[in-house]
Amino acid sequence: YKQSMASGVIPQITAILGNCGGGLSVLNTLSDFSFISQKSGKLFVNSPNVIKGNYTEKCNTAGAEFQAQAGNVDFLYDNDEEVLAKIRELITILPSNNEDDASYDECMDDLNRLLPNIKGELKDTKLALQDISDNQYFLEVKKEYAKEMVTGFIRLNGMTIGAIANRTELINEEGKVIETYDGSLTTAGCYKAEKFVRVCDAFNIPILTLTNVTGYKATMEEERTIGVAAAKLTYAFANATVPKVNLIIGKAFGTSYITMNSKHIGADLVFAIDDAQIGMMEAKLAAEIMYADSNNTTLIEEKASEYASLQASVLSAAKRGYVDSIIPAESIRKHLIYAFEMLFTKREGRPNKKHGTI
């Protein structure tokens, strides 16, 4: 009860350094952020050995790695010492409560620093966020869960910013691509982003999104759940009253783009790099639908090109007011800094209500 009453008032952090099972595991999920030690932490509602058809040696559902991949913890580290050190780091970038505005630090980085390598980092947006941030600082949240969606904290001119980004490639420390993603929104990705948006909004942390999305994941399993998940993420963005900036770094197609912090649901400023694509769908697919009865591939290619320039280009979106500014990729950092500086005193009036129902 005390945790529930304090939710959204003070940041709540749980560290799992031993057994955390049964009803006690609820305390973990009631927290805003949870950490678990790979060496000593165990998290479970039901012990692995009481789950029908399972036992610890077969699948240790209480293990730290299993729980991190399931999205039940936010941070996974090797041992207790690392967990405690990272908790100290997290505390330094969070406000102490929902009325505190002291989550700032002095910026020692160049505010006008250009990003010459950013184009090569936009597929793995973790790298892009590091490059954009002051002194390449990035604290990733739920790293092991829904890896096609990146969430975490960066700094811009010393200000803590909550960042959410679509990812199409996962690159390891050696620079090799180890996983690829198709650019679609998934149920897990939506839930991951939605929780993060709500935490940022509760504690007045501005939100940045890097958008590169082509649609919703189309599988039988996803169709059972994606509608609710997408609605929750759409609502979270629309309901948030903190400064919200969207940067379109690739494709932004259909209603999945609407969900990703678009102007249509309340983004304060929308930037797009000069080769971004914004529209209802891929140009070639649109042409194939409109000219479904034609077997003339040359005609379809011509119409696809025409559709791309008239309906799916970043310029056409800007002319309609969906994009505030088209910017060179190298200048992303300085544009984002002035955007959040300008929005620092943002205030919103909302309808008088108890709470939403989404």
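The values are calculated or read from the model by the stated rules, or taken from the named source; none is laboratory data. Since the model is a prediction, treat every value here as computed from it, not as a measurement. With ideal geometry, Cβ positions are generated from the backbone for all residues, glycine too; neighbour counts draw on all protein chains shown. To get the accessible areas, we keep the full protein, side chains included, count just its heavy atoms, and leave off ligands, DNA and RNA. Shrake-Rupley method; radii C 1.70, N 1.55, O 1.52, S 1.80 Å.
Annotations for the structure displayed:
- Number of the condition not met by Asp100 [criteria: (1) among the acidic types (Asp, Glu); (2) exposed (fewer than 15 other Cβ atoms within 10 Å of the Cβ); (3) modelled with pLDDT of 95 or more]: (3)
- Lone unmet requirement of (1) of a type in the set (Val, Ile, Thr); (2) part of a helix (DSSP H, G or I); (3) touching a Ser or Thr at 6+ places or on another chain (Cβ under 8 Å) for Ile164: (2)
- Qualifying positions in region 175-193 - touching a Ser or Thr at 6+ places or on another chain (Cβ under 8 Å), without any contact (Cβ under 8 Å) to a residue 60 or more places away in the chain and either assigned to a helix (DSSP H, G or I) or closer than 20 Å to Pro243 by Cα (or both): Thr187, Ala193
- Counting only residues that are modelled with pLDDT of 95 or more and either open to solvent by 40 Å² or more (accessible area, probe 1.4 Å) or assigned to a helix (DSSP H, G or I) (or both), region 304-356 holds 17 of them.
- When Ile118, Ile51, Ile13 are screened for being open to solvent by less than 70 Å² (accessible area, probe 1.4 Å), out of contact with any helix residue (DSSP H, G or I) (no Cβ under 8 Å at 6 or more places or on another chain) and aliphatic (A, V, I, L, M), only Ile51 passes.
- Residues in region 85-124 that are touching an Asp or Glu at 6+ places or on another chain (Cβ under 9 Å), without any contact (Cβ under 8 Å) to a residue 24 or more places away in the chain and over 22 Å from Ala165 (Cα atoms): Thr92 only.
- Filter result for Phe271 (in contact with a Leu (Cβ under 7 Å, 6 or more places away or on another chain), of a type in the set (A, V, I, L, M, F, W, C) and either in a strand (DSSP E or B) or at pLDDT below 90 (or both)): yes
- Of all the residues in region 240-259, those that are assigned to a strand (DSSP E or B), out of contact with any Ser or Thr (no Cβ under 7 Å at 6 or more places or on another chain) and open to solvent by 10 Å² or more (accessible area, probe 1.4 Å) number 1.
- Scan region 109-140 for residues that are over 25 Å from Gly183 (Cβ atoms) and in a helix (DSSP H, G or I) and the total you get is 3.
- Any hit, region 62-82, residues being farther than 20 Å from Glu140 by Cα and either in contact with a Pro (Cβ under 9 Å, 6 or more places away or on another chain) or open to solvent by 50 Å² or more (accessible area, probe 1.4 Å) (or both): yes
- From the options Leu208, Leu139, Leu127, residue that is open to solvent by 20 Å² or more (accessible area, probe 1.4 Å) and among the aliphatic types (A, V, I, L, M): Leu127
- The sole residue among Phe153, Phe196, Phe237 that is among the aromatic types (Phe, Trp, Tyr), assigned to a strand (DSSP E or B), modelled with pLDDT of 95 or more and closer than 22 Å to Asp74 by Cα is Phe153.
- Top-ranked residue in region 1-37 [being without any contact (Cβ under 8 Å) to a residue 24 or more places away in the chain and hydrophobic (A, V, I, L, M, F, W, C); ranked as farthest from Val83 (Cα to Cα)]: Met5
- The condition of being out of contact with any Leu (no Cβ under 7 Å at 6 or more places or on another chain), modelled with pLDDT of 95 or more, small (Gly, Ala, Ser) and more than 25 Å from Phe203 (Cα to Cα) holds for Gly227.
- The set of residues in region 12-57 that are farther than 30 Å from Gly162 by Cα and polar (S, T, N, Q) comprises Asn19, Asn46, Ser47, Asn49, Asn54, Thr56.
- Taking every residue in region 202-230 that is farther than 23 Å from Val245 by Cβ and pairing it with any residue that is assigned to a strand (DSSP E or B) and open to solvent by 30 Å² or more (accessible area, probe 1.4 Å), at least 6 positions away or on another chain, the pairs with Cβ-Cβ distances below 6 Å are Ile226/Tyr216.
- Total residues in region 211-229, condition open to solvent by 10 Å² or more (accessible area, probe 1.4 Å) and either in a helix (DSSP H, G or I) or not polar (S, T, N, Q) (or both): 12
- Residue check: Ile154 meets all listed conditions (1) open to solvent by 10 Å² or more (accessible area, probe 1.4 Å); (2) more than 10 Å from the chain's Cα centre (by Cα) but one, namely (1).
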